[in-house]
1. With every protein chain left in place, what is the accessible area per residue of the range 86-131 in square angstrom, probe 1.4 Å?
2. When Rg is the radius of gyration of the Cα atoms in the chain and Rh is its Kirkwood radius, what does Rg/Rh come to?
3. So for each of 127-140, 108-121 I average, over its residues, the number of other beta carbons within 10 Å; can you give me the resulting order with the highest mean first?
4. Roughly to the nearest percent, how much of the accessible area of the chain is carbon and sulfur, given a 1.4 Å probe?
5. May I ask you to derive the relative contact order of the chain, considering only C-alpha pairs under 8 Å and at least 6 residues apart, and to give it as an integer percent?
6. Could you compute Rg(Cα) / (2.2 N^0.38 Å) for the range 1-119, with N its residue count?
7. Can you send over the solvent-accessible area of TRP21, 1.4 Å probe, protein chains only, in Å² to the nearest 10?
8. Can you list the aspartates and glutamates whose alpha carbon sits under 12 Å from that of LYS82, skipping same-chain ones fewer than 8 residues off?
Amino acid sequence: MPKSPTKRRPLTRAALTESAWALFTEKGFHTTSISDIVERAGLTRGAFYSNYRDKEEIFLALYDAHADRLLADLRDAAAQMKPGDNPVDEIQHRMAGRTDEERRWFLLSMEFTLHAARHPELAAQLAAHEDQVTQGLTEVLTEALTRTGRRSTIPVTDLARLLTAVFEGLTALQLIHGPAYDAQHLTPHLISALTEPVTG
């Protein structure tokens, strides 16, 4: 018996997002068309527009899925920390592009960020999604610092934003200079400068 539209919808969305991910990371966001996405997914343009308004919306769906996976990994890391551990260093390590898939995601997200920066309404949408990630990272850092017996000397939300900026900057440098470029030793400076042991 054919599946009902309600039951087909998750399958259709999954096929579209998988197709978009593959094409965006192979060809780039700008070069990929909606026709490319539906052709690779074996679907129609009607199926696309019944699920997504445009390429931007399907990218944001990919963004949220990636963010959910990352934050789940970071929460797991924070839950395992003990006094004396280096919380920022461990979280930075988990955020770093350790696989080819993560490096491809970084390139795609940077391309989309530049695209959004040229379109104020889209920039506002992306900012809202990024704010959700910052909130999640703030919660992770709060738990990690508590478990390791440290506290931030600045608002933890600001520490989360700085950690994200450092991660993005170091990843970009590594992509430009090659795998031999290693600046991860810089991140412990965040600990000494922006956190302190809890006393008393």
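The values are calculated or read from the model by the stated rules, or taken from the named source; none is laboratory data. Since the model is a prediction, treat every value here as computed from it, not as a measurement. All Cβ positions, glycine included, derive from the backbone under ideal geometry; neighbour counts span all protein chains shown. Only protein heavy atoms, including side chains, enter the accessible area calculation; ligands, DNA and RNA are left aside. Shrake-Rupley method; radii C 1.70, N 1.55, O 1.52, S 1.80 Å.
1. Numbers: 2490 Å² over 46 residues.
With the other protein chains kept in place, the range 86-131 gives 54 Å² per residue.
2. Values: Rg = 19.5 Å, Rh = 18.7 Å.
Rounded to two decimals, Rg over Rh is 1.04.
3. Details: 127-140: 16.1, 108-121: 14.4.
Answer by packing, highest mean first, reads 127-140, 108-121.
4. Working: 6280 of 11220 Å².
Result for the chain: 56 percent of the exposed heavy-atom area is carbon or sulfur.
5. Numbers: 157 pairs, mean separation 42.7, N = 200.
Relative CO of the chain lands at 21 percent.
6. Details: Rg = 17.5 Å, N = 119, 2.2 N^0.38 = 13.5 Å.
Taking N as the residue count of the range 1-119, the ratio is 1.29.
7. 60 Å²
8. Result set, ordered by chain and number: GLU90, GLU143.
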